[in-house]
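*Asks:* Please find one structure pasted underneath; my questions will follow.
The values are calculated or read from the model by the stated rules, or taken from the named source; none is laboratory data. These numbers come from a predicted model, not from an experiment. No Cβ is skipped: glycine too gets one built from the backbone with ideal geometry, and neighbour counts run over all protein chains shown. We work out accessible area using only protein heavy atoms, side chains counted, and drop any ligands, DNA or RNA first. Shrake-Rupley method; radii C 1.70, N 1.55, O 1.52, S 1.80 Å.
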Amino acid sequence: MEERKIRLKVNGKDCELSVKPNELLLNVLRNKLGLTGTKYGCGTGDCGACTVLINNEPRLSCLTLAVTVDGAEITTVEGLATNGKLHPIQEAFVKHGAIQCGFCIPGIVIMAKGLLDINPNPTVEEIKEALKGHLCRCTGYINIIKAIKAAALEMSKG
Amino acid sequence: MVNTRILASEFEYFEPRTINEAVNLLAKYGQEARVLAGGSDLIVDMKVEKVNPKYLIYIGKIPELRSIAKVGNEVVVGANATFFDLIKSPLLQSFPILLEALKSIQLEIKMMGTIGGNICSAAPTASTATPLLVLNAWVKVVSARGSRTIPIEKVYVGNRKTSLAPDELLTEIHLPVLDSRYGTAFGEIKTKIKFAVVIGRRGDVCEHCRIAIGGDVEVAKRVEKAEKLLEGKVFNERAIEEACDAVVEEIDPDNWYVREVAKYLFPKVVWEAWEKAR
Amino acid sequence: MQTKFISREQKRHDKKGERLSSQFYTVGKPAPRKDAIPKVTGQEKFTTDVVVPGMLYGRVLRSPYPHARVKRIDTSKAEAMGAVCITFEETPKIKYNERIVSIPSATFKDRTVLTGKPLHVGEPIAAVAAETEEKAEKALKLIEVEYEPLEAVFDPIVAMKPGKPNLHDHIIIEDKVVEIKNNIAAKLEIAEGDVEKGFQEADIVIEREAKLGRPYHAQLETKSAVCVPEPNGGVTIWTTTQTIHNCRILIGEIFGIPLNKVCVKKVALGGSFGSSIQMNTILPICVALALKAKKPVKLVSTREEDMYDHCRYSMIIKYKLGAKKDGRLVAGQMDVVVDIGAHNIQAYPLIGCMAGWLVDLYKIPHIKYSAKAVYTNKAPACAMQGFGNPQVNFIAQTMMNEIAEKLGLDPIEVELKNYVGLGDVFWGQGPTVRSVIRSCGVEELIKKGSEMIGWRNRGRPEEKKGDIVRGIGMARGFHTSGAGGPLPGEAVDFSGAMIKINEDGTVDVIASLQDMGGGALEAGLRIVAETLGVPLDCVELAPTDTCTSVYDVCLHATRGVYVGGGTLKKVAEQVRQKLLEYASRILGTYPQYLKIRPDEKRKQGIIYAEGISGKEITIREVAATARNKNWGTIAAVDSLRQAQCPPAYTVYFLEVEVNKRTGEVRPVRAVVGADCGTVIDPIYAVAQIHGSFYRGLSYALYEDTRYNRKTGELTNKGFLSGYNILKAPDMPNPDDVQVFFASTYEETGPFGAKGIGEAAINPVPAVVANAIYNAIGVWIRQTPITPERVLKALKEKGGE
Ligand SMILES: Cc1cc2nc3c(=O)[nH]c(=O)nc-3n(C[C@H](O)[C@H](O)[C@H](O)COP(=O)(O)OP(=O)(O)OC[C@H]3O[C@@H](n4cnc5c(N)ncnc54)[C@H](O)[C@@H]3O)c2cc1C
Ligand code: FES
Ligand code: FES
C-alpha cells in the first residue's frame, strides 16, 4: 500500500508523517510519535482507552484511520498539562483518588476534557452517561465522577 | 482470531472532495468499494474481517454532505452530519423524538457516527431507525447513473441490508416537519427493544398513527397492522392491547424476553405520544 | 422486627494501638498517591508501552477448535516471508503450571508452552515474530495447519460421565505422573461433627442449589510481554504479572536458564484481579520467540485472545442447611462441582479455600463438604478477586436470609448469632492455613450500617406495590489477609524487601511486591515513612527487578498491606535501629533515647532526644556522616512470613430498584462497612471498596462468558462488544455509596492494619440477591441475575 503524507498538530506541535491508509491513529500516536499514553484496550470501540481529542472532539483513535485526520489538531493525555502544571481535570483526578491501575485514565481524562468543553457544568447523570463508553475496571467510577464534577467546578471559577 | 490492534486489511484509499468525484469512484469500483464515513461501523467490520473492501472512499472531506438546512417544509440533513451535529443543530430541535433516541449513544460515537452511516449500516438496533421511520423521512441517493429518492422504510430491506446499489451514495436525509398537533414519543430498553410513535388525535379518537419497532428484531420497521388497529378508534386500553399484540407478533416467538418487555414498553410509549398530541 | 445486638467480649484496640494511632504522622492521613502524576499525564509505562530498539512483534496462532489434534503444521511460507516461527513441535515439552503460589506437592502441571493437542478454542499452537505487527499478522495467516477435530465437552457434569473424552490422561505433580480419570482434576472431602445427627436436631432444614457464572477478568491492559535475549544466554523480561519472582522461576525452569540470568522487571500493571496471579501463558511463548529470533520480541494480546485465556471459576453449589428455631445453625452440607475449563491452574487450592470460606462464615457444629473440580473444553479458569469466596458467600448468605425469613427472625439477628469472630479459629487458605481471630468489627459494622441504610424501614416484599419496587438487603463477608499461619501449610507466603537510606536522607524502597492498582505499595510507602519517621515525600519505590530484589510470592489473597506492608515495617525497623545507632554516635547519646519525627518543611526526618535541646540531627546529616566516616550504608534487607492470616470483614447494605415488568435490577444506594484494622491510606481504602463493589455488582447482574456448544467458541467471539458488563450509567450515584470503617486494631499487622480488597467483593452477589428478595419476594440463585432470569422467576412465582 502506498504511503501518504499527512500533517497533524499534535499537542500543539506540527508534524508531518508518512502513513499507510490502513494505519490507525492509535498506532501512529503510539508507535510513530511515541505518545504511549493513549492505550489499546479492545480495538472495537468498547472501552474508551484510546480516546483522543480530534479538533477538540473526543473520538476513538482505534477506529480512526490516520489518513482521514490529515490537517487536524490532536490532543492526547500528554498534551493536557501546560508548562508542567497539571490541567484542573488531572488535578482533580489525583486529589479525589480517581486513579488506580491508571490504564483507563488517559482516555477518561481526555473524554472529560471534551465533555467539559461542550458542557461546562454537567450533572452527575450527564457525567455518568458520558462515561458510558469507558471501561474502568478498578474504580467503580465513583471517584472518577467526583473528580470530573470537582474539575468542572474548579474550571468554572476560571 | 483476528487482530483488532491493527487494521490488517489492505486497500486503496480515496478522498473525494465533491459528490461527483465520489460517485464516479463508486461507479468505477462498485462492488469492491466501500464508502467510509465516521468509520464506527465500517472499521470494526473490517477489523473483524466481516468485510474486506479493496477500495475505500472517504467522504469526510465533502463539505456539502455535512450541511443541515431547512428547505420548504422539510429539514434536509447531509448524510455525513454526525449525531452531535444533529443534537446541537437548532433546526433539529423540532424533532424531539429523534434527539431523544440519540441520547443513549456514547459521547465518542456521537462525535464520530454519522446519520448516513447509521442508515446504511441498517442495524435493527440503530438509534435513528425508529424515529426516522415514524417521521416519514426519505433519503436521496446519488450515483453516476443519476439520483433517486427512497422513503426510509424502503431503505431497510433486511438485517443490516439496504436497498442501495453498491455504486450509490446516500447524500441527503429529508425530514418533513411534523404537524405541531401530533404527539411523538420514543422508548427503549437497552438494545432489546425500541419504539417510536407519532399520534394525531381528535378528542378521544386516534386519527393518525405511526408506529415503528426496532431493537432485537430482524429489521427496524413500521408496524402497519398495529397502526390500523388504532387509527379511527377511540384511544383506550383495549385498543392499545390489540395494537400491542400486533406489535409483539413482529418479534421472534423464541425471543420470549423481548416479547415480554415489548408488552410493557409499547403501551407506555403510545400513551406518552397520545398525551402529547393536541 | 426489633434487632438485638448480642454483645460479645470484644477487645478493641489494645492500649498500644490507641496511643499510636493518635500520633501517626503518615498512616491514616490522606495524601495523593505517588504514581498518580505519571498515570494522569500518560507517562506511566506499562508492559504494552515498553519499546526496545530492534524489537520484533509477536503473534500467536490459536486453535479454532475446542478439542483437536494437530496432524500437520507447516510454517515454511511464513518463514519464506522472513518471519520467525515456532511451533509446538520445537518448544520445550516440559509440563508446567503457570501458578506456583502453592508448594510443589499442591501444584498440578498439565500444560506446555505450545501444544499439538488444543483443549479449548484459543489454545496456542504456534507463534510468529516479525518487524511489524502487520507483517506478523500476514505471516500468521500463512501457517498451514491440519487439525483432526475431537469430541469436546462443555458441561462439567457430562464431562465426568464414563465414555466422555478425557482432556488429560495424566498430569505431573512434583516429578510424578498422576493419572486423571473422568476429567476430575481435583477433589476434596471434609467433615466435622456428624451432619446426619445435626440435621435431625434442626428445627428447619432447607436445601438449595446455586449456579455461578463465568465472568472474565476484563482487566484493562491485555496480557502482554516483552523479552530481550541477553548475550550471556539469559533473558530480560517485562510482563503483566502479579509476581515477578514466580515468572522468573518458571522461565528458568522451562527454558533451563539459571535464575541469575533471568531478569524480570517490575512494571506498572493495568489491572489484574487475579488474571495475572500466574505467569501469563504468552510469556513463555514470547521468550521462545525471542530466543529463536535472537532479537527482542514484544507480544501483546488482543482483547479476544485475552478473553480466551482466563476467566473466573464457574460452579454449581448444592447446600443443605439446618437451624434451630432461634436461628442458630446446627448442620450444613455443601457439594460443589467446579467447571475449571481446559487446564488446572489452581483447582486444588480453590476447593480447599472454599471449604475454609464455608467454615469461616458461620459456626456450624456439624459440617460436611465435598468438591470436585472438572475439566471442560473451555478457557481455563483461574483466580479472580475473592477466589471462591463470593460463590460460597452467595449461597450461604442468601440461604441464611431465607432461613431467617422462614423463622420470622431478623436476618441481622441470625447473622450475629452465628458469625465466626473474635477468638474463633479462621482458615485463611483452606484447611492447612489456620489461625486465631484477634480483631473483629462485625458487630460494630452491622449495627452502624443498619442504622445508616434504614434497615428497619425496609418493609416486606408483599407490602410493595407497583411495577417498580425497591428492596434492601444485607450481606456480610470477609477475606483472609494473606496466606500465612503458624504452620507452613500448602501455600508459599512470605514477602521480602530492602530499604536503604541515601546520602541526602531520602529513602529507597526495593520491594518486588506488585501493585495492580489498588495501592498496596502506596500503603507500604506510608508504613515505611511512619516507621522511619520521615516525610512521605522522602520515600520512593525504586525501579525493581528480580535480580536486585528479594523474593516476594505474589500480590494475591489480600496480602499486600498485611504481609507486604508488614515486611516493609520489619525491614524499616531494622533501618531505623541502625539510624539511631549512628545518630547516637554523633550526638553522644544512647540510641534507645532517640526519636525521629518528620519535618515536612525541611523534607527530612529529624532524630532527636526528647526534651534535650541541641541534641537534634537530620537523617541527611547522619547518612552523610556515615558515608564520610566510612561506616557504610544504612540499609537492611529481610523477609517476613506472617504467622497469622487475620480476616478482614465487610458488611454491605444495598438498596435496589426492580422493575417487575422488565426484570431490570438497578442498584441505587449502598452502605458499606469495612473492618481492615487501621486504615493506612484513607482515600485508597475507600477506593478499593468502590472498585470491589462495582465488580461485585457486575458479577452479580451482568457478567458471564458463554460458549457455543457446536463450535466451542465464546458466543461473543471474545469481543467486549458482546460481553455484558456494568457501565457507569448503571452505578449508583457517588453520594449514594457510603463507606465507613470499624475502629479495630489488628495487633499482628503493621500499625494495626489487615487487608481489604477481596473482602469487599465477597458479599456483593449475595447482597444483590437478598435485596432483590426484599423487593419482589423471589430468591434468584443463578448469576448473572439477568433481567430475563428475574422476569422468569417472577412468572414462576406468579404461576405457583
Ligand atoms: C462503541 C460503539 C457504540 C455504538 N453505539 C451506537 C448506538 O448507540 N446507536 C447506534 O445507532 N449505533 C451505534 N454504533 C454504531 C455506529 O456508530 C453507527 O451505526 C454510526 O451511525 C455509523 O456511522 P459512521 O459514520 O461511523 O459509519 P461508517 O462506519 O463509516 O459506515 C457504516 C456503513 O455505511 C456505509 N456508508 C456510510 N455513509 C454512507 C453514504 N453516505 N452512502 C452510502 N454508504 C454509506 C459504509 O460503507 C458502511 O457500510 C456504535 C458503534 C460503536 C463502535
Ligand atoms: S481501544 Fe478504542 S475503544 Fe477500546
Ligand atoms: S484505574 Fe484501572 S481500569 Fe481504571
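*Asks:* With the dipole of chain A worked out from charges on the C-beta (+1 for Lys and Arg, -1 for Asp and Glu) around the Cα centre, which of A:LEU25, A:HIS87, A:GLY45 lies farthest toward the positive end?
*Replies:* Towards the positive end, the residue furthest out is A:HIS87.
*Asks:* Pick out the long, greasy-scoring helices in chain C: whole DSSP H runs spanning 20 Å or more along their own axis by Cα, mean Kyte-Doolittle at least -0.5.
*Replies:* C:347-361, C:389-407, C:566-587, C:682-701
*Asks:* Within segment B:73-115, what residues put their amide N at less than 16 Å from the label point 7 Å along the Cα-to-Cβ vector of B:GLU64?
*Replies:* B:76-81
*Asks:* Run the quick spin-label model on C:VAL637 and B:ASN24: label points 7 Å from Cα toward the beta carbon, then report their separation in nm to one decimal.
*Replies:* The answer from the label model is 7.4 nm.
*Asks:* I would also like to ask the following. Quick one: give the max-minus-min coordinate of the C-alpha atoms of segment A:4-79 along each principal axis, largest first, in Å.
*Replies:* 29, 25, 21
*Asks:* Report Rg (one decimal) and Dmax (nearest whole number) for segment B:137-278, counting Cα atoms only, units Å.
*Replies:* 16.5, 52
*Asks:* With a 1.4 Å probe and all protein chains in place, put C:TYR593, C:TYR649 in order of accessible area, largest first.
*Replies:* I get C:TYR593, C:TYR649, largest accessible area first.
*Asks:* Using a cut-off of under 14 Å, list every residue of segment B:186-209 whose amide N is near the label point 7 Å from the Cα of B:ASP252 along the Cα-to-beta-carbon line.
*Replies:* Answer for this model: B:192-193.
*Asks:* Taking a probe of 1.4 Å, how large is the accessible area per residue of the protein assembly as shown, in Å²?
*Replies:* 35 Å²
*Asks:* Which entries of B:LYS47/B:LYS192; C:LYS417/C:LYS464; B:LYS50/C:LYS727; B:LYS47/C:LYS727; B:LYS161/B:LYS221 show an alpha-carbon separation above 22 angstrom in the structure shown?
*Replies:* B:LYS47/B:LYS192; C:LYS417/C:LYS464; B:LYS50/C:LYS727; B:LYS47/C:LYS727
*Asks:* Could you work out the percent of alpha carbon pairs in the protein assembly as shown separated by over 41 Å, rounded to a whole number?
*Replies:* 49 percent
*Asks:* Which pairs break 31 Å Cα to Cα here: B:LYS88/B:LYS276; B:LYS54/C:LYS717; B:LYS140/C:LYS717?
*Replies:* Violating the 31 Å Cα-Cα cut-off are B:LYS140/C:LYS717.
*Asks:* In segment C:494-640, how many lysine pairs have Cα atoms under 18 Å apart, counting only pairs 8 or more places apart or on different chains?
*Replies:* 14
*Asks:* Based on the mean of other beta carbon atoms within 10 Å per residue, what is the order of C:518-530, C:281-293, C:324-336, most packed first?
*Replies:* C:518-530, C:281-293, C:324-336
*Asks:* Other chains' Cβ within 10 Å of A:119-125 residues: what's the mean?
*Replies:* 1
*Asks:* Still on this model: Inside 10 Å of the C-beta atoms of A:64-77, what's the mean count of C-beta atoms belonging to other chains?
*Replies:* Average per residue, whole number: 3.
*Asks:* For chain B, find the longest principal axis of its Cα atoms and tell me its angle to the long axis of helix B:237-248, 0 to 90°, nearest 10.
*Replies:* 30 degrees
*Asks:* For chain A, which longest stretch is free of loop sites, where a loop site is one of the GluC sites (Glu not before Pro) that DSSP puts outside H, G, I, E and B and that has at most 16 other Cβ atoms within 10 Å?
*Replies:* Answer - A:4-158.
*Asks:* Still on this structure, please answer the following. Cα centroid distance between segment B:113-138 and segment C:754-800, in Å?
*Replies:* Answer, in whole Å: 37.
*Asks:* Using a Förster distance of 35 angstrom, determine the FRET efficiency expected from the C-beta separation of C:PHE24 and C:GLU151, and round it to 0.05.
*Replies:* 0.05
*Asks:* Continuing with this model, one more query. Rg and Dmax of chain B, Cα atoms, in Å?
*Replies:* Taking only Cα atoms of chain B, I get Rg and Dmax of 19.4, 61 Å.
*Asks:* Compute the separation of the alpha-carbon centres of segment C:727-753 and segment B:199-278 and state it in Å as a whole number.
*Replies:* 48 Å
*Asks:* Further question on the same structure: Do you know the Lys pair count in segment A:4-79 for C-alpha distances under 18 Å, with sequence separation 8 or more or different chains?
*Replies:* Close lysine pairs under the 18 Å cut-off: 6.
*Asks:* If you put +1 on each Lys and Arg Cβ and -1 on each Asp and Glu Cβ, how big is the dipole of the protein assembly as shown around its Cα centre, in Debye rounded to 20?
*Replies:* Dipole magnitude for the protein assembly as shown comes out near 960 debye.
*Asks:* With respect to the cross-link table entries A:LYS95/A:LYS128; B:LYS103/B:LYS268; C:LYS211/C:LYS710; B:LYS194/C:LYS792; B:LYS190/C:LYS39, which display a Cα-Cα separation exceeding 24 Å?
*Replies:* Distance filter (> 24 Å) returns B:LYS190/C:LYS39.
*Asks:* Can you tell me the dipole magnitude for segment B:183-276 around its Cα centre, using point charges on the Cβ only (Lys, Arg +1; Asp, Glu -1), in Debye to the nearest 20?
*Replies:* It comes to approximately 320 debye.
*Asks:* Which lysines have a Cα lying under 19 Å from the Cα of C:LYS77, excluding residues fewer than 8 positions away in the same chain?
*Replies:* Result set, ordered by chain and number: C:LYS135, C:LYS138, C:LYS141, C:LYS292.
*Asks:* Here is a further query. Measure nothing fancy, just the Cα-based angle from helix B:256-276's long axis to the longest principal axis of chain B, in degrees from 0 to 90, nearest 10.
*Replies:* Approximately 70 degrees, to the nearest 10.
*Asks:* How large is the convex hull of the Cα atoms of segment C:260-363 per residue, expressed in Å³ as a whole number?
*Replies:* 174 Å³
*Asks:* What value does segment B:42-87 have for Rg/Rh, both radii from Cα atoms and Rh as Kirkwood defines it?
*Replies:* Across segment B:42-87, the Cα-based Rg/Rh ratio is 1.14.
*Asks:* Then there's this: Counting Lys +1, Arg +1, Asp -1, Glu -1, what net charge surrounds A:ILE110 among other residues with beta carbon under 12 Å of its beta carbon?
*Replies:* Summing Lys and Arg as +1 and Asp and Glu as -1 gives -1.
*Asks:* Volume per residue, Å³, of the convex hull around the alpha-carbon atoms of chain C?
*Replies:* 168 Å³
*Asks:* Further, regarding this structure: Let's see if you can work this out: charge +1 on each Lys and Arg Cβ, -1 on each Asp and Glu Cβ, no other charges. What is the dipole magnitude of segment B:1-72 about its Cα centre, in debye to the nearest 20?
*Replies:* For segment B:1-72, the charge dipole is close to 200 debye.
*Asks:* Same structure again: Enter the mean number of other protein chain beta carbons within 10 Å of the beta carbon of each residue in C:661-671, as an integer.
*Replies:* Shielding by partners across C:661-671 averages 2.
*Asks:* Just how far, in whole angstrom, is segment C:508-552 from segment C:603-676 if you go by their alpha carbon centroids?
*Replies:* 11 Å
*Asks:* Please give, to one decimal in nm, the separation of the simple spin-label points placed at C:SER76 and C:LYS603, each 7 Å out from Cα toward the Cβ.
*Replies:* Placing both labels 7 Å along Cα→Cβ, they lie 6.6 nm apart.
*Asks:* Any idea what % of Cα-Cα pairs in segment C:218-298 are farther than 22 Å?
*Replies:* 16 percent
*Asks:* Now a separate question. Once the piece of chain linking C:GLU131 and C:LEU487 is laid out straight, how much longer is it, given 0.36 nm per residue of separation minus the C-alpha distance between them?
*Replies:* 123.0 nm
*Asks:* For C:LYS181, list the aspartates and glutamates whose Cα falls under 18 Å from its own Cα; do not include residues on the same chain fewer than 8 positions away.
*Replies:* The reachable aspartates and glutamates, counting only those whose Cα sits under 18 Å from C:LYS181, are C:ASP110, C:GLU151, C:ASP155, C:ASP169, C:GLU189, C:ASP339.
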